[in-house]
Amino acid sequence: MGKQVKDFKEGERINTNLLISQLVRGTTNSGSPYLSLVLQDSTKSIEAKLWDVKPELEKQLEVGKVYEFEIEVIKYKNNLQAKVLKVLPLPQADIDMEEFVFRSPVSKDVLRNNIQEGISMIENENIAKIVSGCLNYYAGSVYEYPAAAKIHHNFIGGLATHTSGMIKIAAALCAIYPSISRDYLLAGVIIHDLGKIEELSSPVVTEYTKEGKLLGHISIMDARLLQIGSDLGLEDSEELLILRHMVLSHHGQFEYGSPVRPETLEAEILNLIDNIDARINTIDKALEEVKEGEFTQKLFALDNRVFYKHN
C-alpha cells in the first residue's frame, strides 16, 4: 500500500493501489473518450478523471477491482480530484480487500447485541416471532450489507449501523411518549430495511439487483413479511398487518417510493426517525470532507443544500 487517500494533498504526484468503486464513460466536446472514476481505499474515496483513454486499457478496467495508479492530485471546484496518469493491472488474488473497503465504525458484535437488545424489549409474542423470523431468514447478511448504494450508511455493516441508531432513537421516544407502542415501533425499525439485502447485489461495491430495480426493497420486504408470517401461521393476524403497513409506508410519501402513507402513530414515527438517522449520517459524512469555517458540497439527498462546519 502506498499513501492513503485521506492523506492526499493538492499538487502531489502519487503512486498507489486503489479500488475502482465507480466508472462512467464519457466523450469530450472534441470527441476524445475519457473515464470518470471514483477510486478508494479503506480511508476515503476520491473522484478521478482518465483522459484520452485507450480502448485496450478501458477493456481492462472493472468496478470492484484494485489497480496500481499513478495520479496527480488537483483541486477542482474546491475539492480534491485525481488526474490519472497511468494504470497497471494487479493480480487480484494477492489483494487484501480489507484495505480498500469502508466498514462500519461499530463492530459486528456490538451491532448484533444492539439489535438483539431491541428484540428483547418486544413483549408481544407474535411481533417478536415475526421479527426474529425476518432476522433468521437474512442471517449474517444483516450485519454485512450497506443501507444504501450511495447517500447514507453506504459501507459494510451500514444496514445494521442504521438499524442500531434507530433502535436507540425509538427507545428514547417511547420513554418520553407513553402513547407509542414500543413493540410495533421497535419491530418496524428492525425490519423496515431488510429488503435491501435482496435489493442490493453485495456488501462490497454494491449495485442494484434485477429484483431491486424492478421491485424495490419496500415491495420485496412486504412479500417476505407475508411469507414469514404465513410460515408462522400468523398470516391473518393484526400484528402482521400493522408491520406490513409500517414497511410499506416508511418512506412517508408516494413520490419517495411508499405505496401508502403512514396511518398509525408508529408508522409516522418510523418515517421520522428513519430520516433523522439517515440525514445525520449524510451530513456527518459531508462535514468530514471540509475544514472548520467551510461549507460542504451541495447534498443532492438534502435538496441540494450546503452545510456549514462551525467550530
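Quick note: the coordinates plus some simple rules give every number you see, no bench work behind them. Because the structure is predicted, anything quoted here is derived from the model rather than measured. Here the Cβ is made from the backbone with ideal geometry for all residues, glycine too, and neighbour counts use every protein chain on show.
Length gain on complete extension for the stretch Q4 to I119, per 0.36 nm per residue less the alpha carbon to alpha carbon distance? It would help to have the intermediate numbers written out before the result.
Working: separation 115, 0.36 × 115 = 41.40 nm, distance 3.95 nm.
Length gained between Q4 and I119: 37.4 nm.
Take the alpha-carbon centre of segment 158-226, take the same for segment 80-118, and report the distance between them in whole Å.
Cα centres, segment 158-226 to segment 80-118: 22 Å.
Can you give the local net charge around W51? Use residues other than it whose beta-carbon is closer than 14 angstrom to its beta-carbon, Lys and Arg +1, Asp and Glu -1. Let's see the in-between values first.
Numbers: positive: R25, K49, K54, K83, K86; negative: E47, D52, E58, E70, E72.
Its environment carries a net charge of 0.
Considering only DSSP beta bridges whose two residues both sit in the chain, what percent are antiparallel, to the nearest 5?
90
When the chain is fully extended, how far beyond the present Cα-Cα distance does I95 get from N311, taking 0.36 nm per residue of separation? Walk me through the numbers before you get to the answer.
Working: separation 216, 0.36 × 216 = 77.76 nm, distance 3.97 nm.
Computed gain between I95 and N311 is 73.8 nm.
Using 0.36 nm per residue, how much length does the chain from K65 to A172 gain when fully extended, once their Cα-Cα distance is taken away? Mind showing how you got there, number by number?
Details: separation 107, 0.36 × 107 = 38.52 nm, distance 4.25 nm.
34.3 nm is the gain from fully extending K65 to A172.
Once both labels are modelled 7 Å past Cα along the beta-carbon direction, what's the E72-S201 spacing in nm?
3.3
Setting aside same-chain residues fewer than 8 positions from K86, which lysines have a Cα under 21 Å from its Cα?
K3, K6, K9, K44, K49, K54, K59, K65, K75
Of the peptides 87-94, 64-71, how do they stack up when ordered by the mean number of other Cβ atoms within 10 Å, highest first?
Numbers: 87-94: 10.9, 64-71: 18.9.
Averaged packing, sorted descending, gives the order 64-71, 87-94.
Taking θ as phi - 60°, what are the ³J(HN,Hα) couplings along segment 45-58 by the Karplus curve (6.51, -1.76, 1.60), each to the nearest whole Hz, with x for Gly and Pro?
Computed from phi, the couplings for segment 45-58 are 10, 8, 6, 9, 10, 10, 8, 6, 5, 7, x, 5, 6, 4 Hz.
Determine ³J(HN,Hα), in whole Hz, for all residues of segment 124-141 in sequence, where each value follows from phi through the Karplus function 6.51 cos²θ - 1.76 cosθ + 1.60 and θ = phi - 60°; x replaces Gly and Pro.
Going residue by residue, I get 5, 5, 5, 4, 4, 5, 5, 5, 4, x, 5, 5, 5, 4, 8, 6, x, 4 Hz, with x marking Gly and Pro.
Please name whichever of P259, S132, G158 sits farthest to the positive end of the charge dipole of segment 108-286, dipole taken about the Cα centre and charges placed at Cβ: Lys and Arg +1, Asp and Glu -1.
G158
Looking only at E199, E56, E47, which one moves most when the chain is put into a Gaussian network model with springs between Cα atoms under 10 Å?
E56
Report the charge-dipole magnitude of the chain in Debye, nearest 20, computed about the Cα centre from +1 at each Lys and Arg Cβ and -1 at each Asp and Glu Cβ. Mind dumping the intermediate values first?
Working: 33 positive and 45 negative charges, 245 e Å.
Taking the Cα centre of the chain as origin, the dipole is about 1180 debye.
Among L85, L18, L111, which one moves the most in a GNM of the chain with springs linking Cα atoms closer than 10 Å?
For the chain, modelled as a Gaussian network with Cα springs under 10 Å, the answer is L85.
With labels modelled as points extended 7 Å from the Cα through the Cβ direction, what inter-label distance (nm, one decimal) is found for R13 paired with R279?
Label-label distance for R13 and R279, simple model: 4.7 nm.
Ranked highest first by the average count of other Cβ atoms within 10 Å around their residues, in what order do 4-14, 132-142, 220-230 fall? Let's see the in-between values first.
Details: 4-14: 13.1, 132-142: 16.2, 220-230: 19.2.
Ranking the peptides 4-14, 132-142, 220-230 by packing returns 220-230, 132-142, 4-14.
Could you give me the ³J(HN,Hα) list for segment 227-240, computed from phi with Karplus coefficients 6.51, -1.76, 1.60 and θ = phi - 60°, whole Hz, x at Gly and Pro?
Rounded to whole hertz, the list is 5, 5, x, 5, 4, 8, x, 10, 4, 9, 7, 5, 4, 5.
Taking loop as defined by DSSP and a crowding limit of 15 other beta carbons within 10 Å, which trypsin sites (Lys or Arg not before Pro) in segment 101-150 fit? Could the numbers behind the result be given before it?
Details: sites: R103, K108, R112, K129, K150; in loops: K150.
Within segment 101-150, the qualifying trypsin sites (Lys or Arg not before Pro) (loop, at most 15 other Cβ atoms within 10 Å) are K150.
Choose one of I20, V204, L248: the residue whose Cα lies farthest towards the positive end of the charge dipole of the chain (beta-carbon charges +1 Lys, Arg; -1 Asp, Glu; about the Cα centre).
Result: I20.
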